[in-house]
Amino acid sequence: MFAYSSRELGPSLLFIAAGLAVIAVIVAIVVWRGKRRGSRTLAIDAALTVSGWWVTLSALGAIMIVIKIFATDWAEIASTSLWVPWPSDLACSDDFETTGAVLRCGGGTIENIAVGGASLGLRALAGAAQLSNLAFTTMPAAMIMVICFQTLRGRAFSQTVSRGLTIGAIGVLVFGLASDICGGIAATAGLREVFSPDSEWYPMTFQLTVTPLPFAAALGLIALAAVFRQGLRLEQERERLQREKDALLKDTEGLV
């Protein structure tokens with residue numbers, strides 16, 4: 001995932017375009033080298049290369065997150081949704097009869113929080129949320145790596161693939177839930193470290209939100225694992241029938 005923030009729209013779009021261009025160049029190089037070798041698995045080669053880079057960069061990112069927990073004094077809490085009340089001096093109205101446009105009193109949600117001078121516990125919570133989210137988004141690439149590697153070995157339908165998909169489904173569910181839960185806890189704990197209990201910004205309750213995406217992704221991987229297991233059974237049955245046919249032909253030749 002490419003993320004870039006700028007006041008102007010152009011630099012953000014250029015940054016995203018540059019990231020996509022790098023991926024396109026990597027795929028083009030893999031395809032060009034594959035054609036020179038006469039490879040018939042260009043798509044699989046490209047998918048394996050891109051997923052391999054994805055997993056490698058994610059591993060480096062995980063190392064940086066762990067280093068940041070102990071080497072800095074600030075905590076970055078992102079990809080969470082925390083409701084906070086509006087400040088008391090904000091002009092708003094609860095009247096239903098108005099003569100013009102007015103802002104309704106209430107609150108809003110914040111998704112990105114950076115807390116300076118954070119405690120080690122808060123930094124660890126924020127790091128756990130980031131690591132979980134990173135693992136959650138990297139699991140698809142890891143599954144693609146397993147499938148492509150086994151396919152190139154001529155074992156597309158194997159127990160390794162089905163087991164890998166099952167483990168991946170569990171990992172997606174666990175890391176997805178951990179990302180949502182740890183992010184919500186870290187956001188609330190961060191505001192509690194910053195504001196005193198008598199502040200209007202001090203959150204009195206923990207606001208935890210779990211999205212359905214981890215459940216949907218896990219269900220999809222479980223279904224895909226079932227498809228590969230069925231393919232393995234059909235392949236084993238085909239091989240068994242082929243062995244029986246070869247044995248029958250050998251016995252017939254012996255009788256002749």
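The values are calculated or read from the model by the stated rules, or taken from the named source; none is laboratory data. Quick caveat, the model's predicted, so the values are computed rather than measured. In this analysis, Cβ positions are derived from the backbone assuming ideal geometry, glycine residues included, and neighbour counts consider all displayed protein chains. The protein model used for the area step is the full one, side chains on, heavy atoms only, and it has no ligands, DNA or RNA in it. Shrake-Rupley method; radii C 1.70, N 1.55, O 1.52, S 1.80 Å.
In table form, for the structure just shown:
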{"read-out": "Some residue of segment 175-183 being in contact with a strand residue (DSSP E or B) (Cβ under 8 Å, 6 or more places away or on another chain) and either open to solvent by less than 40 Å² (accessible area, probe 1.4 Å) or at pLDDT 90 or above (or both)", "value": "yes"}
{"read-out": "Per-region count, segment 73-93, residues part of a loop (DSSP other than H, G, I, E, B), in contact with a strand residue (DSSP E or B) (Cβ under 9 Å, 6 or more places away or on another chain) and over 29 Å from Ile144 (Cα atoms)", "value": "4"}
{"read-out": "Hey, Arg123 in a helix (DSSP H, G or I) and surrounded by fewer than 16 Cβ atoms within 10 Å (Cβ to Cβ) or not", "value": "no"}
{"read-out": "Among (1) of a type outside the set (Phe, Trp, Tyr); (2) open to solvent by less than 60 Å² (accessible area, probe 1.4 Å); (3) modelled with pLDDT of 85 or more, the one test that Pro212 misses", "value": "(2)"}
{"read-out": "Odd one out for Ser93, checked against (1) over 30 Å from Pro203 (Cα atoms); (2) surrounded by fewer than 13 Cβ atoms within 10 Å (Cβ to Cβ)", "value": "(1)"}
{"read-out": "Filtered residues of segment 165-186 (kept if closer than 23 Å to Glu111 by Cβ and over 13 Å from the mean Cα position of the chain (by Cα))", "value": "Ile181, Cys182, Gly183, Gly184, Ile185, Ala186"}
{"read-out": "Out of Phe96, Phe70, sole residue that is over 30 Å from Val25 (Cα atoms), assigned to a loop (DSSP other than H, G, I, E, B) and among the hydrophobic types (A, V, I, L, M, F, W, C)", "value": "Phe96"}
{"read-out": "Long-range neighbours under 7 Å by Cβ, at least six apart or interchain, first residue under 22 Å from Thr211 (Cα atoms) within segment 173-198, second among the basic types (Lys, Arg) and open to solvent by 60 Å² or more (accessible area, probe 1.4 Å)", "value": "none"}
{"read-out": "Failed item in (1) open to solvent by less than 40 Å² (accessible area, probe 1.4 Å); (2) over 15 Å from the mean Cα position of the chain (by Cα); (3) not charged (D, E, K, R), with Ser51 passing the rest", "value": "(2)"}
{"read-out": "Residue match in segment 233-250 (condition: of a type in the set (Gly, Ala, Ser), over 34 Å from the mean Cα position of the chain (by Cα) and open to solvent by 60 Å² or more (accessible area, probe 1.4 Å))", "value": "no"}
{"read-out": "Any hit, segment 126-141, residues being out of contact with any Pro (no Cβ under 6 Å at 6 or more places or on another chain), touching a residue at least 60 places away in the same chain (Cβ under 8 Å), aromatic (Phe, Trp, Tyr) and assigned to a loop (DSSP other than H, G, I, E, B)", "value": "no"}
{"read-out": "Enumeration of residues in segment 26-72 that are hydrophobic (A, V, I, L, M, F, W, C) and farther than 24 Å from Ile144 by Cβ", "value": "Val66, Ile67, Ile69, Phe70, Ala71"}
{"read-out": "Filtered residue count, segment 111-121, keeping only those that are closer than 30 Å to Ala216 by Cα and touching a residue at least 60 places away in the same chain (Cβ under 8 Å)", "value": "1"}
{"read-out": "Residue in segment 56-90 that is nearest to Phe206 (Cα to Cα), counting only those that are surrounded by 16 or more Cβ atoms within 10 Å (Cβ to Cβ) and either among the β-branched types (Val, Ile, Thr) or touching a Pro at 6+ places or on another chain (Cβ under 8 Å) (or both)", "value": "Leu82"}
